[in-house]
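S.K.: One structure coming up, written as structure tokens, with questions to follow.
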Amino acid sequence: MTGPRPQIAQPATTSVPLLEARGLTKHFPVRRTRLTPRGAVVHAVDDVSIALPAGGVTAIVGESGSGKSTLAKLLARLIKPTAGKLLLDGNDIPSASLVRRAYARQVQLVLQDPFSSLNPVHDVRYHLTRPLKVHRLAGSGAALDESVAGLLERVALQPAGQFADKYPHELSGGQRQRVAIARALAVQPRILLADEPVSMLDVSIRLGVLNLLADLRERDGLAILYVTHDIASARYLADTIAVMYAGQIIESGPADSVTEQPAHPYTQLLLSAAPDPDRAAAPVLRGSGAPPNLVTPPTGCRFHPRCPHAMRICADTAPAMTEVAAGQVSACWLHAGDLDPAQRTPLREET
Ligand code: SF4
């Protein structure tokens, strides 16, 4: 990601985050075959806790299949967790459908694909007025036109009259994603969950959409979750980065710390695969292999089959989160100072 990082004020420090997940877990049942045992599940998200403060951007970074999009859907309450809970303003959320609608007003999800998220048979005006009508926020006539114009202005699609009557196929990918963001803003949410919002856009227009998200949090104090596989864009936009691997958060902390002093070998691997001209060279990790099968995740540290630093203990026992710098935590046995030599024995010889 190139271009100067947006100058963003520190998020408002309130003791209670707008949205908090505690121990969120999602296991999907697997269709039974000859090869899968009875009761097998995919461990998509396991025991994830995360807090989204007002006026803050939190990035969830990980490879495809790491569970980050499932986490976004859990936070949006589009799917039910297997375990764990969500707190809105520090309060438990009942599950009644009326409450579900009220929750959708507070928490909106923007999807990765602006091509499929907008129905091609309807124009922009329809897409922006529908949520207003569903949530009974719409006026009529001139008031509705004013709402549409205001939403288009918030996402820098001006003049509004030029865009309101267009159909999705008449817009560029970046403009479509801006309409999708405007639609999410229509219900005046306090929390925006953006699931890979720029990954399907041309590189040349990604920066504009990221800067729009930065503006929204700065100007309107939204809490934003930015889900991405691209750690460079996370560093550009977010003030906090949480790195996910195989359904678990394995490192998190201030974006600058996590990207300049990555503590976990997997974060180092992500950084070495995403060269950033603004950053001093990251240690190149000779990590290899593919993400694990989450029906039978590896024992101990889930990264151990790929980790060149893996020790005997790593295959048996999952490491706990350890604070490695101010506000930065990492789950890795390399940070434990009190292992005996037998536990430190390399799991495999260097090749
Ligand atoms: Fe590698 Fe062990 Fe740390 Fe896991 S706990 S990342 S296997 S050194």
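S.K.: How large is the translational diffusion coefficient of the chain in µm² per second when you combine the Kirkwood radius over alpha carbon pairs with Stokes-Einstein at 4 °C and 1.567 mPa s? Working shown, then result.
M.R.: Details: Rh = 21.6 Å.
The estimated diffusion coefficient comes to 60 µm²/s.
S.K.: Please list the non-local residues whose amide H lies under 5 Å from the amide H of residue 49, H modeled 1.01 Å from N, same-chain partners needing a gap of 5 or more.
M.R.: Close amide H contacts, sequence-distant or interchain: 23, 24.
S.K.: Just to be sure I understand the model, the point goes 7 Å from the Cα along the line to the Cβ. What's the resulting residue 137 to residue 101 distance in nm?
M.R.: If labels sit at residue 137 and residue 101, their model points lie 1.4 nm apart.
S.K.: Another question, then. Tell me, what is the FRET efficiency for residue 122 and residue 325 to the nearest 0.05, using R0 = 45 angstrom and their Cβ-Cβ distance as r? List each step's numbers first, then the result.
M.R.: Details: r = 49 Å, r/R0 = 1.09.
E(calc), rounded to 0.05, equals 0.35.
S.K.: When the Debye formula is applied to the Cα atoms of region 27-89, each taken as the same point scatterer, what base-10 log of I(q)/I(0) results at q = 0.19, 0.21, 0.23, 0.30 Å⁻¹?
M.R.: -0.83, -0.96, -1.09, -1.42
S.K.: Highest GNM mean-square fluctuation, the chain, Cα pairs closer than 10 Å: which of 162, 261, 177?
M.R.: 162
S.K.: Given 20 °C and 1.002 mPa s, how large is the Stokes-Einstein diffusion coefficient of region 5-144 in µm²/s, with Rh as the Kirkwood radius over Cα pairs?
M.R.: On the way: Rh = 18.0 Å.
The diffusion coefficient I find is 119 µm²/s.
S.K.: With a cap of 10 neighbouring Cβ atoms within 10 Å, and only residues DSSP puts in a loop, list the trypsin sites (Lys or Arg not before Pro) found in region 9-109.
M.R.: Details: sites: 22, 26, 31, 32, 34, 38, 68, 73, 77, 85, 100, 101, 105; in loops: 31, 32, 34, 38, 77.
Those that pass, being in a loop and sparsely packed, are 31, 34, 38.
S.K.: How much length, in nm to one decimal, is gained on full extension between residue 41 and residue 199, taken as 0.36 nm per residue of separation minus their Cα-Cα distance? Walk me through the numbers on the way to the answer.
M.R.: On the way: separation 158, 0.36 × 158 = 56.88 nm, distance 2.87 nm.
So the extension gain works out to 54.0 nm.
S.K.: Can you tell me which of 52, 86, 171 moves the most in a GNM of the chain? Springs connect C-alpha atoms under 10 Å apart.
M.R.: Of 52, 86, 171, the most mobile in the Gaussian network model is 171.
S.K.: Here's a follow-up. For region 59-133, what are the per-bin percents of Cα-Cα distances with bins 10 Å wide, up to the bin holding the maximum?
M.R.: Binned Cα distances yield the sequence 14, 40, 33, 13, 0.
S.K.: Could I ask something else about it? Per residue, how much accessible area does the chain show when a 1.4 Å probe rolls over the protein heavy atoms, in square angstrom?
M.R.: On the way: 16770 Å² over 351 residues.
Per-residue value: 48 Å².
S.K.: If the chain between residue 83 and residue 28 were fully stretched, how many nm would it gain, using 0.36 nm times the residue separation less the Cα-Cα distance? Numbers along the way, then the final one.
M.R.: On the way: separation 55, 0.36 × 55 = 19.80 nm, distance 1.20 nm.
Net length gain for the segment: 18.6 nm.
S.K.: Once label points are set 7 Å from the Cα along Cα→Cβ at both residue 293 and residue 156, what is their separation, rounded to one decimal in nm?
M.R.: Calculated label separation equals 4.7 nm.
S.K.: For the chain, build the charge dipole from Cβ charges (+1 Lys, Arg; -1 Asp, Glu) around the Cα centre, then report which of 152, 87, 321 sits farthest towards its positive end.
M.R.: 87
S.K.: Mind listing the phi-derived Karplus ³J(HN,Hα) values for region 54-68, rounded to whole Hz, using 6.51, -1.76 and 1.60 with θ = phi - 60°, and x for any glycine or proline?
M.R.: Per residue, the Karplus-derived 3J(HN,Hα) values read 4, x, x, 10, 10, 9, 9, 10, x, 6, 4, x, 7, x, 5 Hz.
S.K.: Run the numbers on the chain and let me know its relative contact order in percent, using alpha-carbon pairs under 8 Å that are six or more apart. Write down the numbers at each step before the final one.
M.R.: Details: 664 pairs, mean separation 68.4, N = 351.
Reported relative contact order: 19 percent.
S.K.: Which whole-number percent is the relative contact order of region 168-277 (Cα, under 8 Å, 6+ apart)? Walk me through the numbers on the way to the answer.
M.R.: Details: 105 pairs, mean separation 21.7, N = 110.
In percent, rounded to a whole number, it is 20.
S.K.: Can you list, largest first and rounded to whole Å, the semi-axes you get for region 137-289 by taking the square root of 5 times each eigenvalue of its Cα gyration tensor?
M.R.: Taking √(5λ) for each Cα gyration eigenvalue gives 36, 16, 12 Å.
The values are calculated or read from the model by the stated rules, or taken from the named source; none is laboratory data. Note that the structure is predicted; figures quoted are calculated from it, not measured. Heads up, the Cβs are rebuilt from the backbone with ideal geometry, glycines too, and the neighbour counts pull from every protein chain shown. To get the accessible areas, we keep the full protein, side chains included, count just its heavy atoms, and leave off ligands, DNA and RNA. Shrake-Rupley method; radii C 1.70, N 1.55, O 1.52, S 1.80 Å.
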